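Structure, as structure tokens:
All of the numbers you see were taken from the coordinates with simple rules; none came from a lab. Just so it is clear, the structure is predicted and the values come from calculations on it, not from any experiment. As a convention, Cβ positions derive from the backbone with ideal geometry for all residues, glycine included, and neighbour counts pool all protein chains shown.
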Amino acid sequence: MNADASIPNPSRRALLQSTSLGLLGASLLGPAGALAAGASSTVRPAPAGSGSQPEFAPLNRFPRMVQEFFVEQLRACERQANARRAAIRSKRDAEEYVREVRGKIQQCFGPWPEKTPLNPRITGVIERDTYRIEKVIFESRPRFPVTANLYVPKGRSLPLPAVVGTCGHSTEGKAAGPYQSFAQGLARLGYVVLIFDPVSQGERLQYADADLKPRMSAGVREHLHAGNQQFLVGEFLGSWRTWDGIRALDYLLTRPEVDPSQVGVTGISGGGTASTWLCAVEPRWAMAAPGCFVITFRRNLENELPADTEQCPPRALALGLDHSDFIAAFAPKPVILLDQEKDYFDVRGLEETYERLRPLFRLLGREQDIAMVLGPDYHGYSQALREAMYRWFNDVTRISAAQTEPALVLEKPEDLWCTPRGQVVADGPRTIFSFTQEAAVALRQRRTPLAGESLRQAVADTLKLPPREGVPEFRILRPGRSRIYPKRYAATYAVETEPGIMALVCRLSDVPLLSRPPRGLKRALLYVSHRSADAELRDESLLGELIAREPESAVFACDVRGIGESEPNTCGVDFLNPYGPDYFYAIHSLMLDRPYLGQKTHDVLRVLDWLKAYGHSEVHLVGKGWGALPATFAAMLSADVVQVTLKNALTSYGEVAESEDYDWPLSCFLPGVLRRFDLPDCYRALQAKKLLQVEPWGARIPASG
């Protein structure tokens with residue numbers, strides 16, 4: 001979540017859009033449900049002389065449904081958490097609360113890896129008038145280098161107070177002007193300062209080409225690509241970035257110039273995130289000044305403001321955590337919360353956080369040790385905020401009485417490089433992806449293949465499905481003009497799968513249909529769309545073929561939540577943008593401990609419940625692309641599904657986790673799935689339901705897909 005977060009669409013923008021892939025010959029299909037070679041589509045051609053099929057504006061009658069559903073989910077979480085906070089009435093209550101949130105935060109971030117040798121080395125020194133800058137490289141994990149600058153004051157009595165600086169989003173990392181400024185300002189005041197490059201910034205690109213240039217946008221884009229993939233093996237990028245900060249502190253405390261009892265942490269934006277998380281999990285800090293990050297999860301969601309993968313701790317919302325709790329875990333040590341009045345982060349959230357923390361610090365006897373400062377500017381570590389931080393740290397350490405920033409002379413970014421060419425990747429270190437790949441391979445090699453009830457239970461557990469009771473309510477939507485579907489008439493039903501959420505289901509018919517679904521047919525074909533049932537009913541040749549081969553089946557096509565008829569129009573960017581609406585709700589789902597894919601599977605299961613209520617107890621379930629995943633899992637869990645056809649289904653989660661480049665979105669992933677099972681386990685189980693796989697997709701999706 002940062003000022004540079006406007007990510008361009010992928011160069012292969014169309015890679016996830018529905019297209020017709022042509023008629024399928026019999027050679028592509030297995031014996032179960034095979035189509036006759038040369039069978040023609042039942043989609044009616046465009047009128048003679050028209051030249052092409054007419055254009056149709058996309059149907060999207062519920063573009064705010066998903067947003068409002070999540071708003072209510074977060075408001076409910078906040079109400080429950082506020083009730084817990086209101087019960088804190090004594091010092092003992094406050095101490096118990098601090099212990100409680102520390103334990104919950106550990107559930108989001110842990111377990112931590114083993115501390116391995118730092119193997120630090122100094123690659124150069126810059127001498128300045130009152131301080132020197134050492135160029136330091138250390139390893140936070142084996143062969144995983146961190147580039148840092150150590151600012152050491154000259155002519156001071158040792159040991160000195162020290163600060164770890166965490167950088168916000170900037171291509172230049174530690175060498176960016178605002179980050180050089182606070183590091184140099186602190187050094188001139190008498191602090192030893194270690195400021196390090198975050199992954200994917202400065203000298204730590206994770207995806208570089210042969211010329212050491214970024215293959216994808218540095219910062220946010222790399223964070224999303226590496227972090228989304230990590231969820232498959234049960235990792236969290238926020239833990240990795242926090243671990244870099246913990247190891248930075250480990251290195252700082254090896255320096256004889258440092259007083260270990262007076263070490264603080266500060267950062268802005270993405271560095272505000274890192275310093276907030278470090279406040280919560282590292283007990284050795286004596287003071288902190290996180291900035292331009294701390295508000296509330298609800299304000300970000302309501303304001304449609306996406307956040308990086310590392311800014312969204314898994315299970316945090318389900319555990320009742322908010323930004324304030326990561327600062328509460330630091331209590332009662334001195335902490336100042338910094339922000340800007342004109343920030344895109346909603347300062348109302350900061351004020352709410354501050355008002356939650358004041359009573360806690362007061363009960364702990366340290367109300368003076370929590371403070372909030374609002375600068376007058378836009379997002380960033382402005383001089384006004386830096387000076388507020390200096391004064392706060394000085395009040396703790398007594399190293400200086402300065403109230404303003406000393407005169408600064410910034411270095412050229414390349415002069416601060418720790419590596420000869422400005423990128424550690426030139427020396428062939430490990431990348432985050434290499435660790436993810438290694439973990440995926442290890443899980444595959446030791447995972448016992450599941451089958452039968454044990455597999456179904458593992459699927460249900462991983463999806464985090466809610467209970468299902470009764471027959472869903474539904475609405476009958478008014479028909480519009482013909483959309484040229486495989487049958488002449490269509491009725492659309494909005495099936496309520498849970499309060500606030502509807503799956504949009506189209507029932508095709510040869511006769512007009514304006515009321516509830518007719519009874520009389522036991523068998524039904526239910527199609528789960530990739531991106532839009534409306535578009536795919538016209539464009540997907542396989543669907544037309546299946547309908548033609550099943551004249552005695554009732555035909556339904558379904559958009560699950562967040563797709564087609566309920567595709568969100570939020571976040572101010574295109575739906576397919578890596579930082580767009582699809583990602584936005586997928587990452588909030590992980591914080592709610594309800595994977596978005598599990599929610600979509602629940603939609604399919606509730607539609608199956610609805611179909612059964614109208615007599616359709618034998619269902620041929622068909623899924624395409626993204627829709628093939630909830631179709632797969634619903635078929636695993638529903639006894640009413642007797643046949644399954646999947647087109648463009650993902651081959652395996654393992655392939656995604658083991659591939660440096662992949663195209664599948666976070667909304668298609670399940671956290672920790674590879675610890676228990678993989679998609680081929682499900683496909684083997686579905687052979688008993690006449691599974692037919694057509695043109696599966698691997699980690700990379702064809703440009704025409």
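A few comments on the model shown:
- Of the helices (runs of 4 or more DSSP H) lying entirely inside the stretch 280-370, those carrying at least 3 residues that are in contact with a strand residue (DSSP E or B) (Cβ under 7 Å, 6 or more places away or on another chain), under 26 Å from Val164 (Cβ atoms) and among the hydrophobic types (A, V, I, L, M, F, W, C) are 347-363.
- Residues being more than 24 Å from Met216 (Cβ to Cβ), of a type outside the set (Val, Ile, Thr) and surrounded by 24 or more Cβ atoms within 10 Å (Cβ to Cβ) - total across the stretch 190-205: 2
- Hey, Thr130 of a type outside the set (Gly, Ala, Ser) and in contact with a Lys or Arg (Cβ under 9 Å, 6 or more places away or on another chain) or not: yes
- Those residues of the stretch 110-154 which are surrounded by 15 or more Cβ atoms within 10 Å (Cβ to Cβ), within 32 Å of the chain's Cα centre (by Cα) and either on the phi > 0 side of the Ramachandran plot or of a type in the set (Ser, Thr, Tyr) (or both), in sequence order: Ser140, Thr147
- Selection count, the stretch 518-536, where residues are in a helix (DSSP H, G or I) and touching a residue at least 60 places away in the same chain (Cβ under 8 Å): 3
- Condition check for Ser638: surrounded by fewer than 23 Cβ atoms within 10 Å (Cβ to Cβ), within 27 Å of Gly698 (Cα to Cα) and of a type in the set (Ser, Thr, Tyr): yes
- Within the stretch 268-277, the set of residues being at negative phi and under 20 Å from the mean Cα position of the chain (by Cα) comprises Gly270, Gly271, Gly272, Thr273, Ala274, Ser275, Thr276, Trp277.
- Scanning the stretch 202-230 for residues that are under 19 Å from the mean Cα position of the chain (by Cα), within 16 Å of Arg241 (Cβ to Cβ) and assigned to a loop (DSSP other than H, G, I, E, B) turns up Gln206, Ala218, Gly219.
- Residues in the stretch 230-282 that are basic (Lys, Arg) and more than 16 Å from Tyr151 (Cα to Cα) were compared, and the one that is surrounded by the fewest Cβ atoms within 10 Å (Cβ to Cβ) is Arg247.
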